[in-house]
Structures are given as structure tokens and as C-alpha cells.
1. Based on this model, can you work out whether residue 86 counts as buried (at least 20 other Cβ atoms within 10 Å of the Cβ), part of a loop (DSSP other than H, G, I, E, B) and either at pLDDT 95 or above or over 16 Å from the mean Cα position of the chain (by Cα) (or both)?
2. Need the failing condition index for residue 247 against (1) more than 27 Å from residue 57 (Cα to Cα); (2) modelled with pLDDT of 95 or more; (3) out of contact with any strand residue (DSSP E or B) (no Cβ under 7 Å at 6 or more places or on another chain); (4) not in a helix (DSSP H, G or I), just the number.
3. Could you tell me whether residue 50 is buried (at least 22 other Cβ atoms within 10 Å of the Cβ) and either modelled with pLDDT under 95 or within 18 Å of residue 131 (Cα to Cα) (or both)?
4. Just checking, does the stretch 92-99 include any residue being assigned to a helix (DSSP H, G or I) and either in contact with a helix residue (DSSP H, G or I) (Cβ under 6 Å, 6 or more places away or on another chain) or modelled with pLDDT of 90 or more (or both)?
5. Pick out the one residue from 288, 292, 283, 202 that is closer than 27 Å to residue 55 by Cβ, modelled with pLDDT under 95 and surrounded by fewer than 16 Cβ atoms within 10 Å (Cβ to Cβ).
6. What's the number of the only condition in (1) touching a helix residue (DSSP H, G or I) at 6+ places or on another chain (Cβ under 6 Å); (2) in a loop (DSSP other than H, G, I, E, B); (3) over 15 Å from residue 191 (Cβ atoms) that residue 107 fails to meet?
7. Hey, can you tell me all the residues within the stretch 110-135 that are touching a residue at least 60 places away in the same chain (Cβ under 8 Å), outside any helix (DSSP H, G or I) and either in contact with a helix residue (DSSP H, G or I) (Cβ under 6 Å, 6 or more places away or on another chain) or surrounded by fewer than 16 Cβ atoms within 10 Å (Cβ to Cβ) (or both)?
8. How about the stretch 220-237: which of its residues are surrounded by fewer than 22 Cβ atoms within 10 Å (Cβ to Cβ) and either within 16 Å of the chain's Cα centre (by Cα) or touching a residue at least 24 places away in the same chain (Cβ under 8 Å) (or both)?
């Protein structure tokens with residue numbers, strides 16, 4: 001399923017798009033592999049709340065920007081509560097909270113193989129944070145959930161290209177499904193799917209942004225070039241959608257280069273990660289993002305940022321990102337100004353600017369969300 005300004009596309013439209021557009025071909029597979037690994041990119045029926053969230057995103061796109069804050073997946077909420085930090089500075093809660101499957105390899109407490117982040121995501125969807133309700137007068141509010149995946153792979157259990165020798169297994173122009181690396185990929189996908197299935201069982205829709213920033217090459221999934229990356233993206237889409245039945249995922253592509261754009265039926269939203277910018281609307285980057293995708297009606301989101309875009313400039317220049325997602329802090333001291341604190345302090349975002357953005361009429365905060373379990377289905 002894909003999404004444009006008019007709402008979600010039903011399965012039939014996705015199939016027609018796959019057949020008629022000039023897209024990447026599904027990766028060839030070895031005949032000696034399980035039949036379920038044979039990639040099919042046919043669109044599937046989305047879960048009800050996925051439909052509702054897609055429609056909400058479509059209805060708001062171009063009108064208002066959804067506020068987002070990234071959680072600290074490398075520690076626990078009790079030790080560094082990003083949501084509390086945003087509220088302390090602005091008097092508002094973000095509408096969207098970002099999570100990460102970064103913890104997946106670690107079975108020790110409290111990470112529990114990634115389950116800690118899943119539990120926090122469930123809590124956020126239920127309108128709570130650190131076991132406490134956020135809006136006493138809005139018991140039916142549901143915070144929007146996003147997940148990325150800093151995928152630790154190989155013996156070094158790392159994701160940076162310069163820290164691991166793990167690469168996408170590629171042989172004769174296709175995924176090498178008989179290789180040890182591919183078997184490791186399957187094990188990780190199974191583990192990730194099991195975690196995401198907890199959210200599916202509760203019909204919690206997820207803005208799912210895997211294999212991000214691939215074209216930069218600094219993560220192992222981007223180190224082998226565009227075609228292996230596209231093949232892995234399309235395989236993951238097939239495996240999660242058709243094999244694991246995860247119909248609650250909204251696929252957010254963040255490859256950041258036109259040559260890295262996969263089959264369009266596998267992409268719902270396109271995103272850009274933008275650092276070292278200013279407080280403007282980032283119009284130039286917004287237009288470049290539109291040009292990177294083969295289907296120009298895709299919604300565009302600012303999927304990572306340091307500095308918050310100025311809503312007044314966004315309105316003035318017609319640069320209404322679907323959402324922004326300010327990255328997390330790295331320092332435990334409350335209020336500390338430091339380059340590693342993307343929210344706290346004033347290194348990246350002065351206090352007055354944070355309050356302006358979060359209290360702007362064109363920015364959606366948690367209190368401005370409708371009941372996303374009762375939003376329109378059609």
C-alpha cells in the first residue's frame with residue numbers, strides 16, 4: 001500500500017502500480033531455497049488502524065506538521081525520559097515517539113532482546129509514559145509509534161560499516177540465499193518480526209523505517225551498493241508482509257538516493273534525515289526529496305533532525321513535512337547544553353524556538369491528535 005494526499009491506495013491499485021510503473025524487478029531467487037523466500041510484492045490488506053493512521057497522515061499532509069521525538073533506545077525510559085524533557089521545555093507532548101530495535105541482540109535485563117522498546121511503544125500507543133497517563137482528560141488518545149532499526153549484525157554485533165565485516169550476501173546479481181550471512185539475516189528478521197508482532201496483535205500501526213540512510217554507506221546495509229540494498233529491502237517487505245503477516249507496518253523509505261529507490265509498491269512514505277541545518281523550512285531539501293522518489297505524490301517526512309524547522313517558514317514556503325523527529329540526547333544531566341544533546345539545552349534548539357514550535361497552531365502535539373482507533377477507514 002502507498003499513500004498520497006488523497007489517502008491510502010487499496011490493494012488493487014498497488015498491484016496495478018507494480019505492473020505498469022517503471023520499477024525495480026523483484027530479486028531472482030535460487031530454486032534450492034524455501035518457497036516462502038520467493039519474493040512476492042503483491043499488496044496486502046492493511047490492518048484497520050493502519051488504514052486509519054494512513055488516512056490521518058494524508059488528511060493532515062500539507063496543512064499541519066506532526067511533532068516527533070526519538071526515544072533513547074540505548075538506555076531505559078526511567079533513566080532518561082525524552083518525553084518528560086520535551087514537556088518540561090514546552091508544556092506539550094510530541095504526537096509521535098520514535099523507537100529502535102537497536103537492543104535486539106541483547107537478552108539481558110532490561111533490554112530483553114528488544115522487548116523493552118516494544119513495551120514502551122505499547123505504553124505510548126495507550127497514552128501513557130513511564131506507567132503514567134499523559135493526558136488525564138484524553139483517555140482515548142493514542143500516541144503515534146515509529147520504529148527504525150540500527151541492525152547489529154555479524155560477529156562484531158555492529159551496524160557501522162567500519163566496525164563490521166558483515167555485508168548483504170550477493171552472488172551472480174542476486175541475494176545469495178544459501179550463504180551463512182543470509183541465514184543470519186533470516187534469524188534476525190524472525191526475531192524482529194516476533195517483536196513487531198506484539199504490536200500487530202494489538203493493531204498498533206507502526207511507521208516502520210528500516211535500512212535507513214543506505215546511500216551514505218556508513219551502515220553495512222548500504223556498503224554493497226544500490227542493487228543489493230534494493231533486493232534486501234524488497235525481501236524484507238515480502239518476508240514481513242507475506243510470510244509473517246505484519247499488516248500493521250507503514251513502510252517509510254529513507255535510502256536518500258534515487259538510484260536506491262525500491263519497487264514503489266513497497267513504499268508508503270519517503271523520509272529524509274537532515275542534520276547540520278538551520279531553523280528554516282528546508283525547502284531545498286524538501287524539493288530534492290520529492291525528486292528522489294519515482295512517484296511524486298508520496299508524502300515526505302523529516303525522519304531525523306537536529307534543529308526544529310520553523311513552522312512559519314514552512315507555511316510561507318509550502319514546505320509542510322508530514323512530521324519531524326528530533327533525535328535523542330546522549331547526556332543524563334537535565335538541561336545540559338552539549339552537542340550530543342539534540343533536544344536538551346540550547347546547542348541545537350534554543351528554548352524560545354522549542355516553545356514556539358511545539359505551541360504553534362500548525363504543529364500537531366499529542367493533545368491535538370484525534371482518537372486514532374476511531375478515525376475514518378475509507
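1. Here the answer is no, as residue 86 does not meet what is asked.
2. Of everything listed in (1) more than 27 Å from residue 57 (Cα to Cα); (2) modelled with pLDDT of 95 or more; (3) out of contact with any strand residue (DSSP E or B) (no Cβ under 7 Å at 6 or more places or on another chain); (4) not in a helix (DSSP H, G or I), residue 247 misses just condition (1).
3. No, not satisfied.
4. Checking the stretch 92-99: not a single residue is assigned to a helix (DSSP H, G or I) and either in contact with a helix residue (DSSP H, G or I) (Cβ under 6 Å, 6 or more places away or on another chain) or modelled with pLDDT of 90 or more (or both).
5. 283
6. (3)
7. Passing the criteria: only 135.
8. Result: 223, 224, 226, 227.
The values are calculated or read from the model by the stated rules, or taken from the named source; none is laboratory data. Quick caveat, the model's predicted, so the values are computed rather than measured. Here Cβ is always computed from backbone atoms with ideal geometry, including for glycine, and neighbour counts include all displayed protein chains.
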